[in-house]
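Coordinate-derived values only; no laboratory data. Since this is a predicted model, take the numbers as computed values, not measurements. Cβ coordinates were reconstructed from backbone atoms using ideal geometry, including for glycine residues, and neighbour counts include every protein chain displayed.
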Amino acid sequence: MLLENKVVIVTGAASPRGIGKATAQALAAQGARIVILDLREEDAKRAAADLGDAHLGLACDVTDKAACESAARATLERYGRIDGLINNAGITQPVRTLDITAEGFDAIVDVNLRGTLYMSQAVLPAMKERKSGSIVCMSSVSAQRGGGIFGGPHYSAAKAGVLGLSRAMAREFGADSIRVNSITPGLIQTDITGDKLTADMRVDIIKGIPLGRLGDASDVANACLFLVSDLSTYLTGITLDVNGGMLIH
């Protein structure tokens, strides 16, 4: 068991077909005790119950620093430790540059970038105290290629910010044996993308993917498992592409 007796927080993990839920399942299968965070307490608790009695579901708005700190405290009260954090919570908005509003910009940056910072800040003191920890930050291929299929330029900018933040935290906390890495998924089949992807779009997109298929949530989940486990103890500050070859660089 790669994560036996480890405690890992996964944000935005209540959606049934989402990357967060798939990640929580993959980590739990390797022995981790999972804390699922999502906006609605009932959704988070239901998702945690699906994993078994050993897991915890909590309401948390990652754009609220106090809520993030409260979730970290509740985790420590329940389990006494925090070994890993998967910064998965995110939202997107498919608009072009000239159509981005101030409200839309703030919403995208707040959840994707500010939420990654706030949740990381909430768990880092406990990790520093134990001199151990792994944080995985969810970016996107759109941050690398300058635009995605379903995300606007402000989404690309926020996800690029996640890469910079992750690398800076990796450099700052390496001396405390805390690793911080990023994942850049390509087009993954989830609840968010499922109802927006037409048959014609699917065919066109797959033409540009050398592996010849769209990604599944489990593909990203397994990458999270690798980075949060001891299989990657000498990796920090890296960006792990999970895109089937959509972007090779």
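Below, the figures for the structure above:
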quantity	calculated
Gained length - S70 relative to T233, 0.36 nm times residue gap less alpha-carbon distance	55.8 nm
The stretch 158-180-the stretch 103-120 distance, computed between alpha-carbon centres (Å)	16
Surrounding net charge for G208, when Lys and Arg each add one and Asp and Glu each subtract one, Cβ distance under 13 Å	+3
J(HN,Hα) series, the stretch 156-167, from Karplus relation 6.51 cos²θ - 1.76 cosθ + 1.60, nearest Hz, glycine and proline x	4, 5, 5, 6, 5, x, 4, 4, x, 4, 4, 5
Percent of alpha-carbon pairs separated by more than 26 Å within the stretch 26-155	29
Shape category assigned to the stretch 6-74 from the gyration tensor of Cα positions, a/c cut at 1.5	prolate
Rounded to whole Å, sorted largest first: equivalent-ellipsoid semi-axes of the stretch 144-249, Cα gyration tensor	28, 16, 11
The stretch 198-249: trypsin sites (Lys or Arg not before Pro) falling in loop per DSSP and having at most 14 other Cβ within 10 Å	R213
Cα-Cα over 24 Å, subset of K45/K128; K45/K159; K6/K131	K45/K128; K45/K159
Relative contact order (%) - the stretch 198-249, alpha-carbon pairs under 8 angstrom, separation at least six	50
Percent RCO, i.e. relative contact order, over the chain, from Cα pairs under 8 Å lying at least 6 residues apart	20
Size-normalised alpha-carbon gyration radius of the stretch 7-242, reference 2.2 N^0.38 Å	0.96
Residue among L197, L113, L187 with the largest mean-square fluctuation in a Gaussian network model of the chain, springs linking Cα atoms under 10 Å	L197
Residue among N88, N222, N112 with the largest mean-square fluctuation in a Gaussian network model of the chain, springs linking Cα atoms under 10 Å	N222
